[in-house]
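> Quick one: the structure is below, questions incoming.
The values are calculated or read from the model by the stated rules, or taken from the named source; none is laboratory data. A quick note: this is a predicted structure, and the numbers were derived from the prediction, not measured. Glycine also receives a Cβ, built like all others from the backbone with ideal geometry; neighbour counts cover every protein chain displayed.
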Amino acid sequence: MKYNPWATEKKWQKAWQDSGCLAVDKNSGKPPFYALIEFPYPSGSGLHIGHARPYTGMDVLARAKRMQGFEVMFPIGWDAFGLPAENYAIANSIHPRDVVAGNVRRFRDQIISLGYSFDLSREVNTTDPDYYKWTQWIFLKLFENGLAYKSNMPVNWCPGCRCVLANEEVINGECERCSSVAGRREKSQWMLKITAYAQRLLDDLDTVDFPARVAAQQKYWIGRSEGAEVEFAVENTDDALRVYTTRPDTLFGATYMVISPEHAYIEKWKTLLGNYEEIAAYRREAARKSDFERTEIQKEKTGVCLKGVMAVNPVNGESIPIFVSDYVLMSYGTGAIMAVPGHDTRDWAFARQFGLPIVEVVAGGDVQKEAFVDVETGTLVNSSFLNGLEVAEAKKTITEWLAERGLGRVKVNFKLRDWVFARQRYWGEPIPIVHCPACGMVPLPEAELPLRLPEVDSYKPSDTGESPLAALQEWVNAPCPKCGGAAKRETDTMPQWAGSSWYFLRYIDPENPNEIASREAIDKWMPVSWYNGGMEHTTLHLLYSRFWHKFLYDIGVATTPEPYKKRTSHGFILGSDGTKISKSRKNGVSPDEVIEKYGADTMRLAILFLGDFEKGCRWSDNAITGAHRFLERVWALANKCPEGSGATGSLEIAVHRTVKKVGQDIEGLKFNTAIAALMALLTELEKDCTREDMNIFTRLLSPFAPHICEDIWELYGCNGLAAQAEWPEYDIEKTVEHTVELAVQVMGKLRATIQMPRDASDDEVTAQALGNPKIIELAAGRVPARSIVVKNRLVNLIFK
RNA sequence: GCGAAAGUGGCGGAACUGGCAGACGCGCCAGACUAAGGAUCUGGUGACCUAAUACUGGUUGUGCGGGUUCAAGUCCCGCCUUUCGCACCA
């Protein structure tokens, strides 16, 4: 009987769903295991191998955990708000809701056809009002707690389309659609104060099981630094320029200052400045550039000196000039810096450009040739009372000195910036705030949630930079919830990150109309046992969702400070030509095509056999050939293998070893070597096999290739489904051979191998090795000076 | 520039806390079965040299150059290259 996956795959997919074996049994009493994948954005092009790799990996884990006696929750949903659906809707005059519904249907079908064991009864969709009601509810709580606020922020502006652009829509400084040069504009934006949680987001990384590279990247992104704030008085004004520095010890070397083009003092000092027009022109120039351009290009330093104002270095009273330059950003620190060209590379380049003095304050380099920045252990010079001190000591001394005089203070700074939480778009969660002329910003009462997206004819952004919602008078005009007077709704919507920042909580209790999830359910399932996702989400989604969860913990909704107990990250999968998979390059593979030609089990095995799950890899059709042949051999053997009791001798050892290895490899996400071990065992079983052995083999293979295993299970007349079978156990005693082969080395080179009983003593091993004809010949009568024995592995003989 | 990861046969990739490099698969070669083989099965397959009474003969080999060690793909020092992330972060 030839292997014919098409005949039965659909049948088993239905059987898994219908049997309820994928759904959670509340009363099972088994330990809970919550396996989570990053829920997909249901794009129009359907599910591709970039999804299939992580989903297959986690499906193997979830299936194995079920067999191992855990109550597994393995849910999926749809992160369906966002720009692509909206753009597609605009281009094709379809409602984004309908676009999404069609895409979701396609994704769901594909997910089922791949044999994934998701519990579809818990499916959530971020665009469902019953779902986004709670996204809005969380926003209201953030607002109530002072963590949501409005602030002027620069946005990308396309003068051609007359609308705000996402960073993604700006390609090389041009609008993706109309190729106009995109500029910058200030806009009042909703912000979330993630910075208030910076320290906790950093500290609690120690309490979770994240891969080192993920934790390192988050730490770097949060970017904690300890330094000092220093006040520089400005001559002829009552103002002081406040700077943040991590190197207060170099204060005596500060020979000029630089402020960001957006610094408020420029306007304040307008009348004092002899060259205001020049400065304003420079500012306009800087404003045209995106942050990206401004900070990316390794360019010559540009800037303008502020004529008419001078700052005073607080430690030595010297007057120093103030410049404006775009290399100083308003978004980090205070928007102003003290420049120490002797010991900072950027300041050095700027000083050279503008002929400014460069003073050495830490001994060791030649500051006239280049900035001397590697100074963590240097000694201070040219610094009055700091002379002779080590850098660390000098930092402390100067900070205290400044603090005593009210000129400075210790300050911890973070690179992390607050989260811009508004989009001028239709297809997002409406922000439940009303702007009242009398009462200001008023939150909607909870009872009015969800605030539904209104029906509109056009989803196009308005040409004023407002969201399309702004054009809907009947929706925009609403009574103030507080005073009842005429007021207007907020028309911006939330970013796509909103719905994905808490979805793992909704899976737990997806139908609950009264709360995000019941306390009981949260207690049982949180934190997520194992969350796997892409490295590209390490700094945004992963950090945002940790932030929201910490907030929910603070207000008593969540019961743990961290949402994820364990995080793993799969490697990025590239196309067969080694580049990113894209439709235009045609280097991708559609899982649908593979399934149609070879079946879902082949697809699953092929994608996991490619290479280390946690490392990047490139797709190759060769993987399919190997996987498919393997399954054909499995099916052939299952059919011809006779009844009988289990294997004995070395075959029994091979079986026990494989049980051990496959279990360990699944836990370590080493799916490629687990499959290799199964292939190797199959080769052994083909020589000598009974149904008893094949039964064990089938259960081991079942998480990887579940359909064929159900076929075998049925063929053998076993009870229930293979998916519900118990995971085989191994006997540690039966994983070791009684006779081992040892390598015999002479002076570190392999010369022979010998057979020895397991755990033979060093002396026995040495004696046996010396008795080997090959070794006798090499020894030529000499006696080894040393013999190094590595138990059950090798012996190395050293002759003088 | 900063941070992280990685360089192993023709190819994808294995290799536990230093211990027989190349598991497993693809491809290729030879053979078997065939009317036929792009099916299947069996055996072989890093490179170079040398073998024919001794295929458990020798040398060399994990990006490059040094080092530590009885022993290095693995550890240390110095380079080179690639990928990913961040980008003038004070």
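> Given the condition within 15 Å of RNA strand B (Cβ to nearest atom), exposed (fewer than 14 other Cβ atoms within 10 Å of the Cβ) and assigned to a loop (DSSP other than H, G, I, E, B), answer yes or no: does some residue in the range A:374-389 qualify?
yes
> Suppose we filter the range A:167-192 for residues that are modelled with pLDDT of 70 or more, within 30 Å of A:Lys550 (Cβ to Cβ) and in contact with a helix residue (DSSP H, G or I) (Cβ under 8 Å, 6 or more places away or on another chain); how many remain?
1
> A further question follows. Taking the options A:Thr625, A:Thr690, A:Thr683, A:Thr658, name whichever one is surrounded by 15 or more Cβ atoms within 10 Å (Cβ to Cβ) and within 14 Å of RNA strand B (Cβ to nearest atom).
Among A:Thr625, A:Thr690, A:Thr683, A:Thr658, only A:Thr658 is surrounded by 15 or more Cβ atoms within 10 Å (Cβ to Cβ) and within 14 Å of RNA strand B (Cβ to nearest atom).
> Also: Taking the stated definitions as given, is A:Ile708 among the β-branched types (Val, Ile, Thr) and surrounded by fewer than 16 Cβ atoms within 10 Å (Cβ to Cβ)?
no
> Filter the range A:741-774 down to the residues that are in a loop (DSSP other than H, G, I, E, B) and within 9 Å of RNA strand B (Cβ to nearest atom) and list them by number.
A:Met747, A:Gly748, A:Asn772
> Report, by residue number, each residue of the range A:14-48 that is buried (at least 21 other Cβ atoms within 10 Å of the Cβ) and in a helix (DSSP H, G or I).
A:Trp16
> Could I ask something else about it? Return the pair list, or none, for Cβ contacts closer than 8 Å from residues in the range A:667-686 that are within 20 Å of A:Glu614 (Cα to Cα) and in contact (Cβ under 8 Å) with a residue 24 or more places away in the chain to residues that are within 6 Å of RNA strand B (Cβ to nearest atom) and hydrophobic (A, V, I, L, M, F, W, C), at least 6 apart or on different chains.
Correct list of pairs: A:Asn672/A:Leu610.
> Among the residues of the range A:721-736, are any away from RNA strand B (no atom under 16 Å from the Cβ), among the aliphatic types (A, V, I, L, M) and surrounded by fewer than 16 Cβ atoms within 10 Å (Cβ to Cβ)?
Among the residues of the range A:721-736, not one is away from RNA strand B (no atom under 16 Å from the Cβ), among the aliphatic types (A, V, I, L, M) and surrounded by fewer than 16 Cβ atoms within 10 Å (Cβ to Cβ), which makes the answer no.
> Let me ask something additional. Please go through the range A:644-658 and give me each residue that is more than 34 Å from the chain's Cα centre (by Cα) and at pLDDT 85 or above, ordered by number. Write out each step before concluding.
Filtering the range A:644-658 for residues more than 34 Å from the chain's Cα centre (by Cα) gives A:644-657.
A:Leu651, A:Glu652, A:Ile653, A:Ala654, A:Val655, A:His656, A:Arg657 - these are the residues of the range A:644-658 that are more than 34 Å from the chain's Cα centre (by Cα) and at pLDDT 85 or above.
> Across the range A:327-346, what is the number of residues that are modelled with pLDDT of 85 or more, in contact with a Gly (Cβ under 9 Å, 6 or more places away or on another chain) and surrounded by fewer than 24 Cβ atoms within 10 Å (Cβ to Cβ)?
0
> Which condition does A:Tyr149 not pass, out of (1) modelled with pLDDT of 90 or more; (2) among the aromatic types (Phe, Trp, Tyr); (3) surrounded by 18 or more Cβ atoms within 10 Å (Cβ to Cβ), if it passes all the others?
(3)
> In this structure, is A:Thr753 surrounded by fewer than 19 Cβ atoms within 10 Å (Cβ to Cβ) and among the β-branched types (Val, Ile, Thr)?
On the way: surrounded by fewer than 19 Cβ atoms within 10 Å (Cβ to Cβ): yes; among the β-branched types (Val, Ile, Thr): yes.
Taking the combined requirement at face value, the residue satisfies it.
> Now a separate question. Could you list, in sequence order, all residues of the range A:508-565 that are away from RNA strand B (no atom under 16 Å from the Cβ) and among the polar types (S, T, N, Q)?
Answer for the range A:508-565, where residues must be away from RNA strand B (no atom under 16 Å from the Cβ) and among the polar types (S, T, N, Q): A:Asn512, A:Asn514, A:Ser518, A:Ser529, A:Asn532, A:Ser545, A:Thr559, A:Thr560.
> Between A:Leu540, A:Leu552, which is of a type in the set (A, V, I, L, M) and surrounded by fewer than 20 Cβ atoms within 10 Å (Cβ to Cβ)?
A:Leu540
> Moving to a separate point now. Starting from residues that are within 17 Å of A:Pro75 (Cβ to Cβ) and small (Gly, Ala, Ser), keep the ones in the range A:90-128 and report whichever is surrounded by the most Cβ atoms within 10 Å (Cβ to Cβ).
A:Gly115
> Oh, and also: Away from RNA strand B (no atom under 15 Å from the Cβ) and not in a strand (DSSP E or B), is that true of A:Cys709? Working first, answer last.
Details: away from RNA strand B (no atom under 15 Å from the Cβ): yes; not in a strand (DSSP E or B): yes.
It is true that A:Cys709 is away from RNA strand B (no atom under 15 Å from the Cβ) and not in a strand (DSSP E or B).
> Write out, first by first residue and then by second, each pair whose Cβ atoms fall under 8 Å of each other, whose residues are 6+ apart or on separate chains, and whose first residue, in the range A:389-412, is under 12 Å from A:Leu251 (Cβ atoms) while the second is loosely packed, with under 15 Cβ neighbours inside 10 Å and at pLDDT 90 or above.
Pairs that qualify, where the first residue is under 12 Å from A:Leu251 (Cβ atoms) and the partner is loosely packed, with under 15 Cβ neighbours inside 10 Å and at pLDDT 90 or above, are A:Thr397/A:Phe385; A:Thr399/A:Arg409; A:Trp401/A:Phe385; A:Leu402/A:Arg409.
> If you take the residues of the range A:613-658 that are among the β-branched types (Val, Ile, Thr) and part of a helix (DSSP H, G or I), which of them is farthest from A:Tyr3 (Cα to Cα)?
So, considering only residues that are among the β-branched types (Val, Ile, Thr) and part of a helix (DSSP H, G or I), the one farthest from A:Tyr3 (Cα to Cα) is A:Ile653.
> From A:Ala371, A:Ala349, grab the single residue that is crowded, with 21+ Cβ neighbours inside 10 Å and small (Gly, Ala, Ser).
Values: A:Ala349 fails: crowded, with 21+ Cβ neighbours inside 10 Å.
Only one candidate qualifies: A:Ala371.
> Given (1) away from RNA strand B (no atom under 16 Å from the Cβ); (2) assigned to a helix (DSSP H, G or I); (3) surrounded by 19 or more Cβ atoms within 10 Å (Cβ to Cβ), identify the lone condition not met by A:Arg200.
Of everything listed in (1) away from RNA strand B (no atom under 16 Å from the Cβ); (2) assigned to a helix (DSSP H, G or I); (3) surrounded by 19 or more Cβ atoms within 10 Å (Cβ to Cβ), A:Arg200 misses just condition (3).
> Also, quick follow-up: Name the single residue that is farthest from RNA strand B (Cβ to nearest atom) among those in the range A:297-326 being part of a loop (DSSP other than H, G, I, E, B) and touching a Gly at 6+ places or on another chain (Cβ under 8 Å).
Of everything passing the filter in the range A:297-326, A:Pro314 is farthest from RNA strand B (Cβ to nearest atom).
> Considering each residue of the range A:773-795, count those that are surrounded by 13 or more Cβ atoms within 10 Å (Cβ to Cβ), within 22 Å of A:Glu737 (Cα to Cα) and not hydrophobic (A, V, I, L, M, F, W, C), and give that number.
Result for the range A:773-795: 2.
> I've got another one for you. Name the single residue, out of those in the range A:203-257 being among the basic types (Lys, Arg) and part of a helix (DSSP H, G or I), that is farthest from the chain's Cα centre (by Cα).
Applying the first criterion (among the basic types (Lys, Arg)) to the range A:203-257 yields A:213, A:219, A:224, A:242, A:247.
Now narrow it down to the ones that are part of a helix (DSSP H, G or I): A:213, A:219.
On the way: A:Arg213: 10, A:Lys219: 13 Å.
Among them, the one singled out is A:Lys219.
> From the set of residues in the range A:739-757 that are in contact with a Leu (Cβ under 7 Å, 6 or more places away or on another chain) and of a type outside the set (Val, Ile, Thr), which is farthest from A:Phe799 (Cα to Cα)?
In this case the residue turns out to be A:Met756.
> I would also like to ask the following. Given the options A:Lys411, A:Lys395, name the one that is within 38 Å of the chain's Cα centre (by Cα) and either more than 13 Å from RNA strand B (Cβ to nearest atom) or within 26 Å of A:Pro261 (Cβ to Cβ) (or both).
The conditions single out A:Lys411.
> Residue by residue through the range A:443-473, note down the ones that are over 30 Å from A:Gly160 (Cβ atoms) and either hydroxyl-bearing (Ser, Thr, Tyr) or surrounded by fewer than 18 Cβ atoms within 10 Å (Cβ to Cβ) (or both).
Passing the criteria: A:Pro445, A:Glu446, A:Ala447, A:Glu448, A:Arg452.
> For A:Arg699, which of the numbered conditions (1) more than 15 Å from RNA strand B (Cβ to nearest atom); (2) under 24 Å from A:Asn4 (Cα atoms); (3) outside any helix (DSSP H, G or I) fails to hold?
(3)
> Please find, within the range A:775-795, the residue that is farthest from RNA strand B (Cβ to nearest atom) out of those that are of a type in the set (Lys, Arg) and under 57 Å from the mean Cα position of the chain (by Cα).
At the first step, the residues of the range A:775-795 found to be of a type in the set (Lys, Arg) are A:782, A:786, A:791, A:793.
Now drop any that are not under 57 Å from the mean Cα position of the chain (by Cα), which leaves A:786, A:791, A:793.
Values: A:Arg786: 6, A:Lys791: 9, A:Arg793: 4 Å.
Only one residue tops the list, namely A:Lys791.
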